[in-house]
Amino acid sequence: MRNLILLLATALAFLSAPGVQAQQRAKELRLLAGELPPYTFQIPPASVEETPGVGQGFVYEVVNEMARRVGHTGLIEFMPWGEAQRIAQTKPNIGILALTRTPEREDRYRWLAEIVTDDLILVGGQGIDVSSLEKVKDRPVGVLSRSGAEALLKDRGFTRVRPQPEEWLNARQMQQRRIDAWLAPRLMVIHAMREVGGNLEALNFGEIVRKSEIYLAASKDLPDAEAEKWAKALKAVKADGTYQRIADEYNRMKIVPLPDEMRRRFSQPVWEGR
């Protein structure tokens, strides 16, 4: 028995060695995320500190639980959102969260699991008619850079689109009346306004342009067996109540505004390629 215990201890020590962990990470799905609160974000934000923050977010937490169930280390890398998309579209064995499934993106990724459904909603300042997109076609409209919202507006011929690398900047632009309208998922609008200490009652919530289905997606050529593992993992997370527990935690989350100068201190460039 003593020899068996020693053997098990040696095996555990071997498996926890840095080299073995690095080998495991090299083989597993590489998970990428951007600053997309409340879905995926870091505390403190990347724009505030040079060192990585602690990963947070509803989608982040759900995918982390899924990772545990498929034997993944749970490592999720944060980077500029455009860069994450470029890597996922051009390199193998990449996972990306939280990506909105849109017609423009449909053929660029393998869609593994729908984590949450939101509304892509048009919001405006006081006195701005946002009952339809056509009402603001000639007005400055804020969107997240490299997002489905930006692609949608450009496809419809909007010429006064004002992309920003993070949604809190759109919230600030709305406060300062530099944009008349803003197209984004509802939960991101609410979170961003709270991030800047804004008044949600000052916004007009208008047309729901379409459903915003937020996914864990992957490289187009991801093998079927790997894709099926992640899909089954989400079902398990929902079945045992973990999904609802995470949702409840984020519904209760309090958001502390940060001064703009802190957020801009280490702002990252947005990748502008296709």
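Quick notes on this one:
- The residues on offer are Leu187, Leu152, Leu234, and the sole one that is farther than 29 Å from Gly74 by Cβ and in contact (Cβ under 8 Å) with a residue 24 or more places away in the chain is Leu152.
- The lone exception for Glu134 - which of (1) touching a residue at least 24 places away in the same chain (Cβ under 8 Å); (2) in a helix (DSSP H, G or I) it fails: (1)
- Asn64 meets all of the listed conditions (1) under 30 Å from Ala181 (Cα atoms); (2) out of contact with any helix residue (DSSP H, G or I) (no Cβ under 7 Å at 6 or more places or on another chain) but one, namely (1).
- The single condition from (1) in a helix (DSSP H, G or I); (2) among the polar types (S, T, N, Q); (3) farther than 25 Å from Glu65 by Cβ that Gln244 fails is (3).
- Scanning the stretch 102-131 for residues that are touching a residue at least 24 places away in the same chain (Cβ under 8 Å) and in a loop (DSSP other than H, G, I, E, B) turns up Thr102, Glu104, Arg105, Tyr109, Gly125, Gln126, Ile128, Asp129, Val130, Ser131.
- Residue within the stretch 68-75 that is in contact with a helix residue (DSSP H, G or I) (Cβ under 7 Å, 6 or more places away or on another chain), under 29 Å from Glu249 (Cβ atoms) and in a helix (DSSP H, G or I) present: yes
- Qualifying residue in the stretch 141-158 (condition: in contact with a Gly (Cβ under 7 Å, 6 or more places away or on another chain) and crowded, with 24+ Cβ neighbours inside 10 Å): no
- Annotation: Arg172 fulfils all but one of (1) part of a strand (DSSP E or B); (2) of a type outside the set (A, V, I, L, M, F, W, C); (3) surrounded by 19 or more Cβ atoms within 10 Å (Cβ to Cβ); the unmet one is (1).
Here, each number is a calculation from the coordinates, and none is a lab measurement. Computed from a prediction, not measured in an experiment: that's the story for all the values here. Heads up, the Cβs are rebuilt from the backbone with ideal geometry, glycines too, and the neighbour counts pull from every protein chain shown.
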